[in-house]
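Single-structure report; data block below.
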Amino acid sequence: MERSLGELKPGERACVARINGGGALRRRMMDMGIVPGVELEVVRCAPMGGPLQIRLKGYYLAMRRGECAKIVVSGEQRVAIKHTLASR
């Protein structure tokens, strides 16, 4: 089942199937490591239509919902989230 990345809830993981759109947006996504086959996890969602925090390849990324709508994912699965904040 394929959905857009913006439809995932916090705690869900999925693999990138494809990136809709082209040109500069597609290149920017690929530069950030969002390529077909990579696994993403939605960590949290900002309220009122704000950005999503996503974890991939060991780092965290905040993305606008409009950008997330162009990323098609598949293979969703729910996992337990256990994230801790770094302290100094």
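The values are calculated or read from the model by the stated rules, or taken from the named source; none is laboratory data. Owing to the predicted nature of the structure, the values given are computational and were not obtained by experimental measurement. No Cβ is skipped: glycine too gets one built from the backbone with ideal geometry, and neighbour counts run over all protein chains shown. The area values use the complete protein model at the heavy-atom level, side chains included, leaving out ligands, DNA and RNA. Shrake-Rupley method; radii C 1.70, N 1.55, O 1.52, S 1.80 Å.
A Cβ-based charge dipole, computed about the Cα centre of the chain with Lys and Arg at +1 and Asp and Glu at -1, lands at about 240 debye. For a test of the definition: using alpha carbon positions, the gyration tensor, and the 1.5 limit on a/c, classify segment 1-65 as rounded, prolate or oblate. Because its axes are fairly even, with a/c under 1.5, segment 1-65 counts as rounded. Residues whose amide H lies under 5 Å from that of L8, counting only those 5 or more places away or on a different chain, are absent; hydrogens are built 1.01 Å from N in the peptide plane. When the Cα positions of V72, P51, V16 are compared along the charge dipole of the chain, P51 comes out farthest toward the positive end, with charges on each C-beta of Lys, Arg, Asp and Glu. Here the Karplus relation 6.51 cos²θ - 1.76 cosθ + 1.60, evaluated at θ = phi - 60°, turns the backbone of segment 14-25 into coupling constants of 7, 9, 6, 8, 6, 10, 7, x, x, x, 5, 5 Hz, with x for every Gly and Pro. Heavy atoms of the protein chains alone define the surface here; on that basis the chain has 63 Å² accessible area per residue at 1.4 Å probe size. Normalised by the number of residues in the chain, the average gap of Cα pairs under 8 Å and 6 or more apart makes the relative contact order 41 percent. Taking amide H positions as placed 1.01 Å from N in the peptide plane, with prolines and chain starts having none, which residues 5 or more places from I54, or on another chain, fall under 5 Å of its amide H? So I54 has HN proximity to V43, L61, A62, M63. Note on the chain: with a GNM built from Cα contacts shorter than 10 Å, the maximum mean-square fluctuation among G37, G23, G75 falls on G23.
Share of carbon and sulfur in the accessible area of segment 2-77 stands at 52%, probe radius 1.4 Å.
For the chain, modelled as a GNM whose springs connect Cα atoms under 10 angstrom apart, the maximal fluctuation among M29, M63, M48 occurs at M48.
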